[in-house]
Amino acid sequence: MKKLIIKCATILLAFAAGVGFMNYATYIGNRDMTTVMAGATLPVVYAEREQRLYNEMHGYVEAMDGAYMKESLLGLSEDHSLGIAVEKYNAHIKTISYEVRSLDMGRLIEDGEAVEGEDDGRYMHLDLVFKDLLTQGEKYLLILKIETDEHREIYYYSQISYLGENHVQECVDFAEQFHEATFQKDTNQELLRKLEPASGMDGKNLGYVNIHSYPRSVIWGEMPMEQISEEKLRFTDIRDNIVSLAMEYQVQNTDTKERYNVSEAFCVQYTQNRMYLQNYERTTDRIFDVGSQLVKDNRISFGIQSREPLYKKNEEENVVGFVQQGQLWCYDFGQNRLSRVYGYEDEEDARGLYNAHEFRIIRIEDSGSMDFLVCGYINRGLYEGRCGVLLCRYDALMNTVEERYFLPSDRPYEIVKEETGKLSVVNEKNMAWLSYRDMILRVDLNDCSVKILAEEISEEQIQVAKDGSLAAWTGSDGERISLLNTRSGVVSQIDGEPEEMLQALGFMEQDFIYGAARREDVRTDMAGRRVIPMHRVIIRDHSGNEVREFDYASKGKYVTSVEIIENRIDLSCILLHADGSYEETLPEPITYTSEPVEQKLELAVVNDDVKRNEYHFIYEGTMKSGSMKRPRVRMVLYEENRVLELEQQGTGHYFAWSFTGEVERFERLSEAIVRAHESMGTVWQHGYRLLWERWNRLPRTQIEGFESPDASEISGNSLVQCLQLMLRQKQLYPDVQACLDQGMAVWEICEQELGENCCLIPGCSLRMALYYVNCQAPVMAVTGAGDAILIVGYDAQNIIYYEPGQTALKKAGMKDSAVLFEEAGNLFFTYLP
């Protein structure tokens, strides 16, 4: 027995020694293969006026698609000059040059080589004086190029516009006065009367206020706040006497000493008699400040936030990854360990604070390791000065981050985040999938090769399971659904019955929900909007077996969309009528029988008497006591090239820019216009094609040269005549009646004849549609079943229109007309002149 004990002890000691040696060898082998993230090296450029810096611009080490570079706009006064300050940091600048180009980059307006400036040690000050070649009010692209010892050429982008005599400074003064008023505890101030309070803003969240908030919320409620940094000023749009600008600064609660990052945006209109606040928005986020312990009273406090913090937890719910102020963190409750996984912040360098990126947490393992995406501008490190999508792997055991692939983009952060879709998965077999620019990409991480699995797949057509194990997308023709198992990498097909159209609807855990519609039931209105009424809904389990089918057509109902809420599936339904019309009806619920799961870790909104709503993680599990560990994460070094090469550009979209400088992507022009109208913004396609803007509209106008035709010149019903006349204004002469007789829809005729200039804007209001009349393009409006008029002008009270069969133009009240068009579905057709 004694010998057996000695033998077992010897084996255990040998095993322990072997494990210890392997750990040491692993440490030695990896010690020289990791490093801290390299510091920033690129200078930062500002516009400068009267010793004030504004419109901070960060550099790119590769040329970008200048058409999309809209985050900065600089106005030029009558002297055509522009002051520039280059903050050098540790860079040695060799040469500076510039170009002024048209927004599509096609025309070079002027350029300058070897620009000299005054160097004060920290900044190099330049004075650019442009030639008298810029049309007043038109936007151009300024590209500043800086060569340093470390970088051959660094590109800085800003739009510029010659304003001539202007009132920009008055608008800035007004915004600054309003800003100062928010720190005075007086709700009766004259400036605060510019707000337009509405019941929708209840004032419970001080993290987000806007023009519809009540004054008490705008002055921070009962919170004693003081500003602790200067405002960083940035112009997002300037046109005529309307200026959109944003300020960024920090504030502090003088009682609790909590600090906050604040972004405050204004849209201000100047008139001789008074200043108008057209829009206002402020976001406030408490700065994540790590003390000696992160968890107090079983909770992690994020405090006031402008939106719900991004986070993801592991299956055991004892590890959580979360994002704060542009940095990704990981906290392990069982180990009481907090790691700053990824971020660009550098205590000694302000460049790391530039927050033009976002994170997508893909998965978190029980060890605390995680996969995640970084989308946008890279401030420092291997890909410094580039934009794109970066896949990373955090190893919690080794406390390292490995950058696994980089998909570069020649577009800025605001566009990259919109073009990166909901599918982002990586499996244990070194395979990754990404939806990007309406493409489904498969990436082999072993050699960083890319394969396009599908193209022209919009975000509406793709569905992803919550755990990322399954994804499904519908082809453009609806004949089949592709179902991807990301664990195995296998893509299977679900085929519909003949004459059926399939639609991927969503996932409930790992069960896939999809619908089938008869093609004969699909409804497409004259403006091209399609409704797909699904007569049956099918649920398949994770193995692909059909487990349930629901036939709603037997009830006279058809499903159009699905909303999944916890364990309930709500189906939006319509009724179909014999004449081809449809109407909404009561939704149909599907109760999902899954076991309720008690959560140990939850994100909760907690009310404070003074600070109002605050965000907290509340944890009910077991936590390790003792001092909190703060290991320093290091970057894994590698020699091979991990930059993905993708030749296809993907599908073009409509982008709506708001007065705050934010961007949203849309599949349909009408949706983008509605959003831009709400946010006092603009709509662009391909970056340089302006399709709509909120402000550039005259108070009255009428299309030049338009005359009512004689009855002998044109025939057909009112719809045919109006469409024919609208196309004639563009020097196009198709036989509209013949096209309709051949089965073409009105929207198809417009797209065929007008091409990219076609503007189908169903769902937009009359006010939105009149923008095109202002641009000298007639707008065809539907007034009833098959009837139409052609709007050719307007004034403050009326629209001016042509009605088929009439010899003279007519007028109708603006309000009455808006109601008439809305009742007819707001069907508008026009073109971009």
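The values are calculated or read from the model by the stated rules, or taken from the named source; none is laboratory data. These numbers were taken from a predicted model, which means no experiment stands behind them. Cβ: placed from backbone, ideal geometry, glycine included. Neighbour counts: every protein chain shown. Accessible surface areas use protein heavy atoms only, side chains included; no ligands, DNA or RNA. Shrake-Rupley method; radii C 1.70, N 1.55, O 1.52, S 1.80 Å.
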Screening K629, K611 for residues that are at pLDDT 90 or above, in contact with a Lys or Arg (Cβ under 7 Å, 6 or more places away or on another chain) and among the basic types (K, R) leaves only K629
Residue count for the stretch 164-182, restricted to those that are open to solvent by less than 50 Å² (accessible area, probe 1.4 Å) and either within 18 Å of S217 (Cβ to Cβ) or of a type in the set (D, E) (or both): 5
Reported set for the stretch 303-317 where residues are hydroxyl-bearing (S, T, Y) and open to solvent by 60 Å² or more (accessible area, probe 1.4 Å) is Y311
Answer from A777, A808 - the residue that is within 33 Å of the chain's Cα centre (by Cα), outside any strand (DSSP E or B) and small (G, A, S): A777
Would it be correct to say that E455 is farther than 22 Å from F359 by Cβ, open to solvent by 10 Å² or more (accessible area, probe 1.4 Å) and modelled with pLDDT under 95? yes
Verdict on E751 being in contact with a Cys (Cβ under 8 Å, 6 or more places away or on another chain), assigned to a helix (DSSP H, G or I) and open to solvent by 20 Å² or more (accessible area, probe 1.4 Å): yes
Can you tell which of F655, F666, F659 is open to solvent by less than 40 Å² (accessible area, probe 1.4 Å) and touching a Cys at 6+ places or on another chain (Cβ under 7 Å)? F659
Quick check on my filter: what residues within the stretch 403-435 are open to solvent by 10 Å² or more (accessible area, probe 1.4 Å), in contact with a helix residue (DSSP H, G or I) (Cβ under 8 Å, 6 or more places away or on another chain) and assigned to a strand (DSSP E or B)? S409, K422
Filtered residues of the stretch 734-768 (kept if touching a residue at least 60 places away in the same chain (Cβ under 8 Å) and among the small types (G, A, S)): A745, G763, S765
Touching an Asp or Glu at 6+ places or on another chain (Cβ under 7 Å), open to solvent by less than 30 Å² (accessible area, probe 1.4 Å) and within 27 Å of N430 (Cβ to Cβ): is that true of G343 in this structure? no
Of everything in the stretch 482-499, what is in contact with an Asp or Glu (Cβ under 9 Å, 6 or more places away or on another chain), on the phi < 0 side of the Ramachandran plot and either part of a loop (DSSP other than H, G, I, E, B) or modelled with pLDDT of 95 or more (or both)? Give them in sequence order. R487, G496
Can you confirm whether V323 is open to solvent by less than 10 Å² (accessible area, probe 1.4 Å) and either touching a strand residue (DSSP E or B) at 6+ places or on another chain (Cβ under 7 Å) or in a loop (DSSP other than H, G, I, E, B) (or both)? no
Name the residues in the stretch 620-659 that are assigned to a loop (DSSP other than H, G, I, E, B), within 30 Å of N298 (Cα to Cα) and not aliphatic (A, V, I, L, M), would you? E620, G621, T622, K624, S625, G626, S627, R630, P631, R632
Going by what's in this entry, would L505 be described as more than 34 Å from the chain's Cα centre (by Cα) and part of a strand (DSSP E or B)? no
Which residue, of G786, G793, is open to solvent by less than 10 Å² (accessible area, probe 1.4 Å), touching a residue at least 24 places away in the same chain (Cβ under 8 Å) and small (G, A, S)? G793
The stretch 120-171, residues that are assigned to a strand (DSSP E or B) and aliphatic (A, V, I, L, M): M124, L126, L128, V129, L141, L142, I143, L144, I146, I154, I160
Just to verify a result, which residue in the stretch 199-258, among those that are among the charged types (D, E, K, R), farther than 19 Å from V610 by Cβ and part of a loop (DSSP other than H, G, I, E, B), is most open to solvent (accessible area, probe 1.4 Å)? E230
Take the residues in the stretch 706-733 that are within 22 Å of G784 (Cβ to Cβ), free of Cβ contacts under 8 Å to residues at least 24 places away in the same chain and polar (S, T, N, Q); name whichever of them is most open to solvent (accessible area, probe 1.4 Å). S715
Could you count how many residues in the stretch 669-702 are aromatic (F, W, Y) and either open to solvent by 30 Å² or more (accessible area, probe 1.4 Å) or touching a Pro at 6+ places or on another chain (Cβ under 6 Å) (or both)? 2
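Residue-wise test of (1) under 26 Å from the mean Cα position of the chain (by Cα); (2) open to solvent by 20 Å² or more (accessible area, probe 1.4 Å); (3) more than 24 Å from Q51 (Cα to Cα).
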position	(1), (2), (3)
A63	yes, yes, yes
M69	yes, no, yes
L74	yes, no, no
S81	no, yes, no
E110	no, no, yes
A114	no, yes, no
D120	no, yes, no
L126	no, no, no
V129	no, yes, no
Filter the stretch 625-652 for residues that are without any contact (Cβ under 8 Å) to a residue 60 or more places away in the chain and within 30 Å of the chain's Cα centre (by Cα); the one that is least open to solvent (accessible area, probe 1.4 Å) is G652
Any strands (runs of 3 or more DSSP E) falling wholly within the stretch 353-402 and containing at least 2 residues that are in contact with a strand residue (DSSP E or B) (Cβ under 9 Å, 6 or more places away or on another chain), touching a residue at least 40 places away in the same chain (Cβ under 8 Å) and open to solvent by 20 Å² or more (accessible area, probe 1.4 Å): 357-364
Does the stretch 532-544 contain any residue that is within 30 Å of V443 (Cβ to Cβ) and buried (at least 17 other Cβ atoms within 10 Å of the Cβ)? yes
Which residues, taken from the stretch 270-302, are open to solvent by 50 Å² or more (accessible area, probe 1.4 Å), under 29 Å from P197 (Cβ atoms) and within 31 Å of the chain's Cα centre (by Cα)? Y276
Considering only the stretch 89-108, state which residues are open to solvent by 30 Å² or more (accessible area, probe 1.4 Å) and more than 22 Å from G66 (Cβ to Cβ). Y89, N90, H92, K94
Those residues of the stretch 515-531 which are within 28 Å of the chain's Cα centre (by Cα) and either open to solvent by less than 10 Å² (accessible area, probe 1.4 Å) or over 30 Å from G763 (Cβ atoms) (or both) amount to A527
